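This report concerns only the one structure given below.
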């Protein structure tokens, strides 16, 4: 019985550590940085949300797959500025560089180039 408790604790610690490592990987990835810089430099986003824009990735709101010069990433995040706040979902594709292929704010499809 003691071994079960020890192994249960080990498994829980490994799961917690792997989720923290995955989250840290996601927020430091080139894909996330591309999304973050695109959001913060968009005139549409600045006009709608105001200044001091922050983006917070949902804890389990990411999927990143890449190999060499190609890849696919999906992010769910919250964005907040001085005027408004919303939920954001974005899909990025990598063909040598990461580019946003689809973005939704509160479920509504948007384009950053409005």
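Read the figures in this text as sums done on the coordinates, not as results from a lab. None of the values given here were measured: they were computed from a predicted structure. Cβ sites come from the backbone with ideal geometry, for glycine too, and all protein chains shown count toward neighbours.
Some observations on this one:
- Bridge orientation summary for the chain: considering DSSP beta bridges with both residues in this region, about 100 percent are antiparallel.
- Taking Cα atoms only, the orientation of helix 30-41 departs from the longest principal axis of the chain by about 30 degrees.
- Axis of helix 2-27 versus longest Cα principal axis of the chain: the two differ by about 20°, to the nearest ten degrees.
- Label-to-label distance, nm, for residues given as residue 5 and residue 40 (7 Å Cα→Cβ offset): 4.8 nm
- Whether the range 69-113 is rounded, prolate or oblate, judged on the alpha carbon gyration tensor where a/c under 1.5 counts as rounded: prolate
- The convex hull built on the alpha-carbon positions of the range 2-109 has an orientation-averaged projected area of 8.6 nm².
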